[in-house]
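**Q** Sharing a structure here in structure tokens format.
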Amino acid sequence: MECVAGSGYQRVQYSREFFQKLITAILLKTYLFSDGFQESSCDVIGLPRNSIPAHKTFPCTPRKIRLRDGRYLAYTERGVPKNKSKFRVIIVHGFGSSKEMSFVAPQEVMDELGVYLVLFDRAGYGESDPNPKRSMESEATDIQELADKLELGSKFYVIGVSLGNYPTWSCLNQLPHRLAGVAMVVPTINYNWPSLPRDLTKDDFRKSLTQWALRAARYTPGLVRWWLTQKRFRSKSVLDKNPRFFSRKDLDVLKNTPGYQLLSKNMLQQEGVFDSLRRDFIVAFGKWDFDPLELVNPFPKNESSVHIWQGYEDKVVPFPLQRYVSGKLPWIRYHEVPDGGHLLVYDSDVCEAILRSLLLGEDPPLYRPKLS
């Protein structure tokens with residue numbers, strides 16, 4: 001809209017439209033890229049608390065490791081005890097989440113396969129110290145140090161969820177020699193990747209919202225923080241349970257979840273919480289020091305495997321983008337859930353399939369994309 005000098009009404013109207021667009025963009029990213037709602041860590045395997053026999057669960061005790069730079073990372077353990085495990089897997093949560101995120105793999109499956117899971121609070125989340133120098137490199141380094149401190153061995157598996165996949169991409173670029181296998185579940189797309197075709201994204205409204213949100217996070221953080229924490233005006237996300245942004249299955253999940261505690265007004269007012277979220281967002285959607293679409297196969301002898309898991313009905317990250325990525329990188333094994341949305345980690349069948357494909361090399365026909 002063009003603003004004519006001297007026209008107070010038009011200036012007000014322009015400011016209102018600009019402010020609304022800015023806030024909508026921020027709320028979209030704040031809401032959509034929180035992959036796992038905050039729950040009790042004892043519920044992380046996704047089963048009702050009273051249905052898990054005591055002898056089947058790993059102690060629900062969060063612990064911490066000290067990194068070389070002096071920061072502490074908090075983590076929790078699931079599955080079978082480490083000394084009895086065949087497979088050791090680190091799960092990387094996304095935006096606004098924590099080590100308490102959901103990954104609803106049935107306990108009996110983890111017992112059968114011998115899976116030891118480590119879920120940790122990334123820098124600035126939950127009980128982990130913030131990292132003012134957060135970068136692509138630091139995210140991968142944190143994962144490597146966590147694996148070393150916990151003595152996971154020379155190689156370990158990584159599962160990234162939603163925005164938690166930019167650290168996973170960084171691991172593939174930075175330390176492929178340490179990876180036994182990688183699964184990227186509904187990985188977010190950075191529209192700044194140089195090799196991402198413009199024709200593929202020019203009509204994607206998510207691209208413009210991401211660009212607006214990135215500018216706001218960089219240049220007007222005080223405004224964004226005020227809007228998200230003020231109580232004078234109603235600032236609840238207009239996207240809450242909006243079918244434009246969530247699939248049918250996602251909406252079913254949202255009906256039965258308590259919401260994102262980390263993104264509540266009280267949490268955002270706490271010192272360091274907003275700044276950590278802001279830095280995380282900027283690193284995820286800003287300029288990277290490498291182009292993932294130009295990566296060469298880090299496992300030319302098939303000594304490890306890389307997977308992408310995508311919901312066909314995902315309205316946060318559209319499936320054509322994931323198909324393009326996997327087509328550009330044919331060494332990635334692409335799986336597509338026909339009726340899946342963005343919240344795949346709430347589907348126990350999908351979580352089981354993710355583990356079996358990553359750890360055993362299974363390729364379930366149900367999740368092969370119907371390219372025709």
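The values are calculated or read from the model by the stated rules, or taken from the named source; none is laboratory data. The shown structure was predicted, so the numbers you read here are calculated from the model rather than taken from an experiment. Because the Cβ atoms are built from the backbone with ideal geometry, glycine has one as well, and the counts that use them run over all protein chains shown. Just so you know, the surface numbers come from the protein's heavy atoms only, side chains and all, with ligands and any DNA or RNA stripped out. Shrake-Rupley method; radii C 1.70, N 1.55, O 1.52, S 1.80 Å.
**Q** Relative to the present Cα-Cα distance, how much length would full extension add between Asp199 and Tyr219 at 0.36 nm per residue of separation?
**A** Separation in residues times 0.36 nm, less the Cα-Cα distance, equals 4.4 nm.
**Q** What percentage of the solvent-accessible surface of the stretch 187-232, computed with a 1.4 Å probe over protein heavy atoms, is contributed by carbon and sulfur atoms?
**A** With neighbouring chains kept in place, the figure for the stretch 187-232 is 49 percent.
**Q** If you don't mind, there's one more thing I want to ask. Counting only protein heavy atoms and using a 1.4 Å probe, what share of the accessible area of the stretch 272-372 belongs to carbon plus sulfur, as a whole percent?
**A** The nonpolar share, carbon plus sulfur, comes to 52 percent.
**Q** Can you give me the Cα centroid spacing of the stretch 112-141 and the stretch 267-330 in angstrom?
**A** If we compute the Cα centre of each part, the gap is 15 Å.
**Q** Treating only the Cβ of Lys, Arg, Asp and Glu as charged (+1, +1, -1, -1), what charge dipole size does the stretch 84-243 show about its Cα centre? Round to the nearest 20 debye.
**A** I would put it at about 840 debye.
**Q** To continue, here is another question. Label-point separation (nm) for Gln230 and Asp289, each offset 7 Å from Cα along Cα-to-Cβ?
**A** 3.9
**Q** How large is ³J(HN,Hα) for each residue in the stretch 311-323, as worked out from phi by the Karplus curve 6.51 cos²θ - 1.76 cosθ + 1.60 (θ = phi - 60°), to whole Hz, x for Gly and Pro?
**A** x, 4, 9, 5, 9, 8, 10, x, 4, x, 5, 5, 5
**Q** At R0 = 22 Å, how high is the FRET efficiency between Glu303 and Lys84 if r is their beta carbon distance? Nearest 0.05 is fine.
**A** The pair Glu303/Lys84 has a calculated efficiency of 0.35.
**Q** Compare the peptides 166-176, 116-126 by average per-residue count of other Cβ atoms within 10 angstrom and give them in order, highest first.
**A** Packing proxy ranking, top to bottom: 116-126, 166-176.
**Q** Considering only protein heavy atoms, what is the solvent-accessible area of Val337 at a probe of 1.4 Å, reported in Å² to the nearest 10?
**A** Using a 1.4 Å probe on the heavy atoms, I get roughly 0 Å².
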